[in-house]
1. What about A:GLY87, is it farther than 23 Å from A:PHE260 by Cα, among the small types (Gly, Ala, Ser) and in contact with a strand residue (DSSP E or B) (Cβ under 8 Å, 6 or more places away or on another chain)?
2. Of all residues in region A:276-301, which are touching a residue at least 12 places away in the same chain (Cβ under 8 Å) and under 30 Å from A:ALA227 (Cβ atoms)?
3. Please find, within region A:98-115, the residue that is surrounded by the fewest Cβ atoms within 10 Å (Cβ to Cβ) out of those that are at pLDDT 95 or above and part of a loop (DSSP other than H, G, I, E, B).
4. Name the residues in region B:84-126 that are outside any helix (DSSP H, G or I) and either at positive phi or crowded, with 17+ Cβ neighbours inside 10 Å (or both), would you?
5. Filter region A:27-64 down to residues that are more than 11 Å from chain B (Cβ to nearest Cβ), under 22 Å from the mean Cα position of the chain (by Cα) and of a type in the set (A, V, I, L, M, F, W, C), then give me how many there are.
6. Of the residues in region B:115-145, how many are within 14 Å of chain A (Cβ to nearest Cβ) and of a type in the set (A, V, I, L, M)?
7. Looking only at residues in region B:68-83 that are away from chain A (no Cβ under 13 Å) and in a loop (DSSP other than H, G, I, E, B), which one is nearest to A:THR50 (Cα to Cα)?
8. Scanning for something modelled with pLDDT of 95 or more, within 18 Å of the chain's Cα centre (by Cα) and assigned to a loop (DSSP other than H, G, I, E, B), does region A:2-14 turn up at least one residue?
Amino acid sequence: MPVEIDTSSEKFAEYAEPGRLVTGDWLQARLGEPGLVVVESDEDVLLYETGHIPGAVKVDWHTELNDPVVRDYVDGEGFAALLGRKGISRDDTVVIYGDKNNWWAAYALWVFSLFGHQDVRLLDGGRDKWIAEGRPITTGASTPAPTEYPVVERDDSLLRAYKEDVLAHLGAGPLIDVRSPEEYDGSRTSAPAYPEEGALRGGHIPTAQSVPWARAVAEDGGFKTRAELDDIYRGQAGLEDGDTIVAYCRIGERSSHTWFVLTHLLGFENVRNYDGSWTEWGSAVRVPIVTGAEPGEFPGR
Amino acid sequence: MTDVLPERLAEIRDEFLELPEPDRLQLLLEYSYELPAVPAEYEGHPELAERVVECQSPVYIIVDVDAEGIVAMHATAPAEAPTTRGFASILAQGLTGLTAAEVLAVPGDYPQSLGLTRVVSPLRISGMTGMLLRAQRQVRAKSAA
């Protein structure tokens, strides 16, 4: 049974779906409650082991959410086995948190959503805020009782964009590039401080607007207020209700963060994450690329 | 393979390979806790350290070669990056005390021989490979000088 939503925050109440976020207070008071599973998902595969929220289970994006051979996510059976192992039932409330302002937590949430897991939320501010607030952390192992999670086929049609979808989308709707300005203008192919992950060309997809993911993050590491987010995405980037939107970054993790903001906090109904992102587009043959600080025109229209 | 690899690096590799896969992560975590602080003379001198750009986390290495040609490797990485700290710790322990020639003879695929590729992911292991290759390049540069 889903756990009630967190109604304690005035900030959350302004969002399109207030129930998609929880505060540290709310979560701490409910740790161990039946029907609630806490999941940590980090960039660093060992960070969970250095200390995690009591009872939380780890889900690693590299080794658990991705298929080990094909560049894709696990299939329905793989997902069912994973969630069964983690002690998650189909109707459980899942609260995800992680490092880097919840990049990987948002990525995990997005993958859970591809499988139609209904009640999946983020801990606002993620791991760092929880620790900064002096809340409990343990290195004690979590030993969830395995569950029988049903095999549900992944539905990529609504939330995920493939390269072909992006090509078809060019000129038909807005694209949001959430990478750093240096990646956007083509002066580098990976995030500052990130490894060169095999994109052969630099620049951005024509017509894409640059809205770096971190613009959605407040000083305290949580999400900015509804008014601030509306100003950034509706005001400055010009997104409008009814738009079909595609967001991308380098491998789809930072754009999951923006996807979460656009979908759950601002209420856009048709937002897809292009997880192939720059590591695919920047190496694909004969796809259009624009360099420089301007979005550029789509040559075909 | 065992006979060309310096003893300490071979020991570390065997230590990992003897464990079942899930326990290897725990051992890597123990290594991450053992990463020593950089010597005081390097503190506050980021210009003396080399950034390992292959790693996702900000990790810097400093490799010294003394008058006798003996290598010492130091590294810094944030506490929030235990995997990277573990990699750095393995290399610092394995390379420090070797001669420059011994360090240069360490095979570039040593990180892939630790049995961690599946539990940590190939992309993450490539960060350790980057660290090793950079350490070797520093040794080459500093022993030529």
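1. yes
2. Correct list: A:SER277, A:ALA293, A:PRO295.
3. Step by step, filter region A:98-115, then rank; the result is A:PHE115.
4. Across region B:84-126, the qualifying residues are B:THR96, B:GLY97, B:LEU98, B:VAL106, B:GLY115, B:LEU116, B:SER121.
5. Result for region A:27-64: 9.
6. Here the count works out to 8.
7. In this case the residue turns out to be B:GLY69.
8. Taking every residue of region A:2-14 in turn, none turns out to be modelled with pLDDT of 95 or more, within 18 Å of the chain's Cα centre (by Cα) and assigned to a loop (DSSP other than H, G, I, E, B).
The values are calculated or read from the model by the stated rules, or taken from the named source; none is laboratory data. Worth saying up front: this structure is predicted, and the values here are computed from it rather than measured. No Cβ is skipped: glycine too gets one built from the backbone with ideal geometry, and neighbour counts run over all protein chains shown.
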